[in-house]
Amino acid sequence: MNGIRLCCLDLEGVLIPEIWIGVAKQFQVDELKLTTRDISDYDLLMKRRIEILRARDICLKDIQNVIGKLKPLPGAKEFLKKLRERFPVIILSDTYYEFAGPFMRQLGNPVLFCNSLKIDRRGFLAGYTLRQKDGKKRAVQLLRQLGFSVSVAGDSFNDLSMLLAADRKTFFNPPKSIQKKYPNLPVARNYSALLRFFCS
């Protein structure tokens with residue numbers, strides 16, 4: 001394997017709980033529990049979420065209050081610390097900077113590439129701005145062009161393109177539907193196994 005090894009991780013489902021599931025539980029809106037594990041069309045998923053939030057009168061501040069009470073997944077902080085001691089690490093996520101701040105502080109402020117929200121004058125979500133289309137995949141491709149050997153872990157449908165673009169890849173606790181569809185991709189079930197994957 002050529003080049004300095006660089007590790008890329010998805011955020012939600014790998015290091016932190018699914019933010020939208022936390023919001024759904026707080027406001028008792030079951031439809032907000034749907035994630036990219038359930039709906040692979042990200043744009044369709046986000047437009048539906050924004051419609052639901054407006055209908056329920058839930059603004060950005062309300063969501064941020066929920067996020068502020070959430071914690072990284074058990075063991076995630078320790079895993080990430082050990083990984084960063086060995087390799088450069090970049091978090092590649094489809095979440096938003098407006099959501100991710102509290103988690104990044106808890107995780108030791110790793111480098112994060114994600115997206116931004118559009119907020120209207122009343123503080124409601126009005127849309128979103130992607131860094132670029134298929135940003136996770138493009139980031140991996142560009143890092144490889146810079147001469148890095150890129151190892152990647154993700155958990156969901158929206159991670160597949162970045163996984164396939166990487167030098168080395170693994171799913172981390174994917175749902176059975178994904179694992180069944182892509183049986184040839186390796187799977188790590190816990191942080192010890194994930195650390196071994198990155199360090200091997």
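The amide H of Lys169, built 1.01 Å from its N in the peptide plane, has Val152 as neighbours under 5 Å, considering only residues 5 or more places off or on other chains.
Per residue, the convex hull spanned by the Cα atoms of the chain measures out at 113 cubic angstrom. The long axis of helix 76-86 is offset from the longest Cα principal axis of the chain by roughly 40 degrees.
For the chain, a crude dipole built from +1 on the beta carbon of Lys and Arg and -1 on the beta carbon of Asp and Glu, taken about the Cα centre, is about 380 debye to the nearest 20. The ranking of Val66, Val150 from fewest to most other beta carbons within 10 Å of each one's beta carbon is Val66, Val150.
Rounded to the nearest 10 degrees, the inclination of helix 42-55 to the longest alpha-carbon principal axis of the chain is 30 degrees. Between the residues Ile39, Val29, Ile16, the greatest Cα displacement towards the positive end of the dipole of the chain, with unit charges on the Cβ of Lys, Arg, Asp and Glu, is found for Ile16. Against the empirical 2.2 N^0.38 Å (N residues), the stretch 4-71 has a Cα radius of gyration ratio of 1.24. For the stretch 80-177, the number of Lys pairs separated by eight or more positions or lying on different chains, with C-alpha atoms closer than 26 Å, is 14.
Measuring between their Cα centroids, the stretch 1-77 and the stretch 85-137 lie 11 Å from each other. Taking the dipole about the Cα centre of the chain, with the C-beta of Lys and Arg at +1 and of Asp and Glu at -1, give me whichever of Leu70, Phe87, Val152 is farthest to the positive side. Result: Phe87.
If you take all other residues with their beta carbon under 11 Å from the beta carbon of Tyr182, and give Lys and Arg +1 and Asp and Glu -1, the sum is +2.
Computed from the coordinates by the stated procedures, all read-outs in this text should not be read as laboratory data. Keep in mind that this is a model prediction, so the values were computed, not measured. Positions of Cβ are generated from backbone atoms using ideal geometry, with glycine treated the same way; all protein chains shown enter the neighbour counts.
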